[in-house]
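Scroll down for the structure; my scribbles are underneath it.
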Amino acid sequence: MSAKRALITGVTGQDGSYLARLLLKKGYEVHGVKRRSSSFNTGRIEDIYEDPHDPDPQMHLHFGDVTDATNIIRVVQEVQPHEVYNLAAQSHVQVSFETPEYTANADALGALRLLEAVRILKLEGHTRFFQASTSEMFGMVQETPQTETTPFYPRSPYAVAKLYAHWITVNYREAYNMHAACGIMFNHESPVRGETFVTRKITRGVAAIALGLADRLYLGNLDAQRDWGHAKEYARGMWMMLQQDVPQDFVLATGQVTSVRDFTRYVFEDAGIEIEFRGEGEDEKGYCTKTGKCLVEIDPRYFRPTEVDFLLGDASKAKAELGWEAETPVRELAREMLEADMASMKDGASWRTTRSRGSASMSPAMAEWLARRWCAGWETRIVKSSRHRARSTCANRRRFGGGFRKNARMR
Ligand code: NAP
Ligand code: G4F
């Protein structure tokens, strides 16, 4: 029997990389859509990438973009997938306030384009569809904990776009009898989490402080509370949803909530640094209890125009009907992320290539080249108005080969 074919949009992202690994292990032929980029964007999947010249490759990459309907139709036609996982998105909530139209195009209409491609190509009876919905749709929460029946109240252009994608998926299921399911996923993280989401920003920042590469971490709203789980478990949940006879939507969550402040405290603690928060509002700071040094400061630029203060999911339905349950407690998740960041930062050149961890076959020359590429990317994310800019950039270039900066601000 020939292998099942899966098409993953967003295969180069955190979840795409875990899902592709899972499906390959299950014997799928995996097709991923990657965007054209002027630099490599495949760091997270380098170790599973197969050269098309290899005999019988199981992993295939297609250039594409969910904002381009003709491209999407062609890729779906070529692959004739048994399962489509739509993970492609401009997934950063704060960035969606700056790029609302693009976010709507990719995150809302992207799902529609894929669903229409399946329909236009008359694959409704052949192709199952998974939509990556989000707990952000609950926004200003109407009840706690949030379940599949909790009313939505989105609080960002990202969440509004995702709400459209969610409902259009439900609509295509009902209107055209498609096997389409939405995973309403609460925050999930990992060592390959994007560097500008708060958990990874904290683990990278703390690792850099612990190793003497940075002085301070700048954060936004410390009071925000999230239900944080491990991404690899959420990828398994996505697959499970498409194996059901009857398509349905499921919440995936841990059922535990942690504030940004506590997550920060845990990560410092795991790095052997005890911190204490003092002060109110924007003046709150985190101090090392041993040295009295300020290690965490608030930067209001990371506040959002409208915030989601609290998210806590109830995944009882997924447990009862799929047998899915989150397994990794937040403290273990935080430790795993910190250890990965510490290891890569200690490792000289390769700390800048965190995403390539696991790719043991990388040559030193390639690692060095990637390191230089990473540095350039890093520097563009540094706040330009810092008065230390020129001085510390030069100093750190000399010291770390162009890498970290003191007081680096990460978003
Ligand atoms: P991520 O790391 O930001 O990955 C997003 C992926 O989408 C990347 O591969 C990105 O490509 C790709 N992409 C962005 N715009 C695209 C476009 N126009 N056309 C094609 N591909 C595009 O996100 P993630 O954390 O893996 O999340 C996966 C999905 O789950 C997203 O839809 C996200 O909104 C949703 N979700 C995530 C969470 C979470 O906590 N992680 C929770 C709920 C829902 P590049 O690599 O080229 O940028
Ligand atoms: O890590 P975050 O940026 O994730 P957010 O906004 O919850 O969104 C993530 O989870 C969603 C699922 O609920 C996904 F749909 C979405 O794609 C994404 O993966 O921020 C978490 C919280 C927010 O309340 C934010 O205001 O942390 C707060 N925060 C405090 N300081 C910060 C910072 N967030 C970021 N990114 N950077 C900060 O310095």
Spin-label pair Glu332/Thr149, simplified geometry with 7 Å Cα→Cβ offset, distance in nm:
3.2 nm
Value of relative contact order over the range 194-294, rounded to a whole percent, pairs C-alpha under 8 Å and six or more apart:
24 percent
Here the gain from full extension of Lys319 to Lys285, 0.36 nm per residue of separation minus their alpha-carbon distance, amounts to 8.2 nm
What is the extension gain from Tyr164 to Tyr102, computed as 0.36 nm multiplied by their sequence separation minus the C-alpha to C-alpha distance, in nm to one decimal?
20.9 nm
Relative contact order (%) - criterion: Cα under 8 Å, at least six apart; region: the range 21-145
24 percent
Value of Rg to Rh for the range 185-281 (Rh from inverse mean 1/r over Cα pairs, i.e. Kirkwood):
1.08
What is the fewest-to-most order of Met140, Met342 by other Cβ atoms lying within 10 Å of their Cβ?
Met140, Met342
With θ set to phi - 60°, apply the Karplus curve 6.51 cos²θ - 1.76 cosθ + 1.60 along the range 335-347 and write out the HN-Hα couplings as whole Hz, x wherever there is a Gly or Pro.
5, 4, 5, 5, 4, 5, 5, 4, 4, 6, 6, 5, 7
Using a Cα-Cα cut-off of under 27 Å, which lysines could be cross-linked to Lys34, ignoring same-chain neighbours fewer than 8 residues away?
Lys4, Lys25, Lys26, Lys122, Lys162, Lys201, Lys232
If you take the C-alpha gyration tensor of the range 102-189, multiply each eigenvalue by 5 and take the square root, what semi-axes do you get, largest first, in whole Å?
24, 14, 10
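Read-outs throughout are calculated quantities, based only on the coordinates presented, and are distinct from any laboratory measurement. None of the values given here were measured: they were computed from a predicted structure. No Cβ is skipped: glycine too gets one built from the backbone with ideal geometry, and neighbour counts run over all protein chains shown.
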